[in-house]
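Structure record follows, encoded as structure tokens.
Values in this text are rule-based calculations from the coordinates and carry no lab data. Computed from a predicted model, the values in this text were never measured in an experiment. Methodologically, a virtual Cβ is constructed for each residue, glycine included, from the backbone with ideal geometry; neighbour enumeration extends over all protein chains shown.
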Amino acid sequence: MIKYLILLILSFEASAYTLNNNFGASFDKDTVKVRIAGNTTCAGVNLTPYELEDLIEPAIDNFWNRVATSRLRLKLGTPTDNLININTGRLCSPTDDACINTAGATLIPEVNDIVIACNDMPQNYDATGNSGNVLAVTIPNHFKGKKIKGSVILINDDSAQFKALSRSGKIAVISHEIGHAIGLGHSEKSAALMYYQTVEKRTTLGQDDIDGVTYLYGNQLPGDLGGCGILGGTIALNGSDDDDINPHLWQMGIGFMMLLLLARMRAYFKALRLVPRRAHSAS
Amino acid sequence: MLNSLILIALLAFFCAPAMSAVSKSSSLPITLNLGSHTEFFGAVQNDSSGGLRKWDFAPTVGIGTRLNISSPEFTFLPEFNWVLPRGASSSKIIKNLFMFRADLGYNPVDWFRLRIGTSLMLANQYGQGGSTNMNNGNSTSKFYYPDENRSSWNNTFDFGVEVLPLFFEEPQNWSLRLQTYTYSIFREDRRQISYSVFWTYTWNNK
């Protein structure tokens, strides 16, 4: 009987998200900035840097920043300085020896947070150079131990398909790549943002995406303040903005205040004889 | 769907005698909740054409009690609910949601109860590891399944309405309830509402 119960339990709809590395890496801070490369031009896909930022903001706010069970908060940051040049040429990850030995190829510069640029080199999107179907790519992240320090997202500046996408389609593509940048892999489910293809319409995250980001960046137990270890909620010590304060304790406080308020209201109405009295059986 | 219904029936079958035995040895009423939980109402895409999920069948079981607070109209209602694990036999990830809850109940009339309270939600995911090859651009790439047990703790602000039908018996031993849970109530960008629908049976009801 136990065996059948377990089989039944395991037969419900499954989570099917994956990670893009085999050690569950995530950013080592709760607030991660997403910024464009300072000298990027997206002429091939007809976007100005301002228009690119205008796509990034909803890609953050309408998707990843809406997950209530995740502590990760993405913010649009200022463009990087012009020393980081990832807008042209073949870029290689440090572990890709074949790429590094290619003439004209350069190592991906180490970046902090998430940096987005447009780049029209086909080999960055497909080793054979047949990059027409690939709209964007996230170059393997820079890790420090099990932590992500930075990620680079390249938008295929040579892609007629990306250029032809609607505004919401472009937002979804950028948001998908940000999903890779924060540590997620693909999902088998077409309802998920992390599905490998664009779909007819993308409005928000799917359950797989929510489960994945919750796994990587789940909210911590109230009172867990790392070394401090006092009751204080999950206040982001490394964040500088007031709105980084996680409102868990506020909510809990409000919940119990409401309970007390109701009890007081009852006493008040009872005093006014507005609360119906019930007959009690004599004991 | 059929499996879920069978599972609920089996759980009820096994739990009922146990609940009855516990309540007989105690002066407190014991409640058993059976229902379904929908996570993040209207905020999860559930198809490729942009449809949003309004209802989900996620079998939920729970146990609780009822404590009177100075008068019959007000009750304190602690409970523990468990949204049963979700994971297919082929899945490498099993997800559990545990709710540690407490409500203040107010009965303006005998057949109706308002509930206001709070929950500590534990969303636990257990990954069994491994990898899979999936489409990626023009080719395929290897992606990895989680291989750890990780949890997200969340506090919610809860509101519920409960109907206690009087037609069948007195005191009313069963009830129907709609329970909502609001996450991040003070942060508009992250505010989400989940809800459960419960059928509740009470032993040792007084």
Centre separation in Å (Cα based) which lies between the range B:103-130 and the range A:152-174: 42
Sites B:Leu176 and B:Asn149, calculated FRET efficiency, Cβ-Cβ separation with R0 45 Å, nearest 0.05: 0.80
Could you tally the net charge around B:Glu162, taking each other residue with its Cβ under 9 Å from the Cβ of B:Glu162, Lys/Arg +1 and Asp/Glu -1? +3
For the range A:68-193, give me the percentage of DSSP beta bridges that are antiparallel, rounded to the nearest 5 percent. 45
DSSP loop (so not H, G, I, E, B), at most 15 other Cβ within 10 Å: list which GluC sites (Glu not before Pro) in the range B:102-204 pass both filters. B:Glu148, B:Glu169, B:Glu188
Candidates per chymotrypsin sites (Phe, Trp or Tyr not before Pro) in the range B:127-206, loop by DSSP, up to 11 other Cβ within 10 Å: B:Phe167, B:Phe168
Too long at a 19 Å Cα-Cα cut-off: which of A:Lys29/A:Lys75; A:Lys29/A:Lys147; A:Lys29/A:Lys144; A:Lys149/B:Lys92? A:Lys149/B:Lys92
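What do you get when you divide the Cα radius of gyration of the range B:42-125 by 2.2 N^0.38 Å, with N the number of residues?
Compared with the compact-globule rule of thumb, the range B:42-125 sits at 1.46.
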Here the net charge surrounding A:Asn39, from other residues whose Cβ is less than 15 Å away from its Cβ (Lys, Arg +1; Asp, Glu -1), is -3
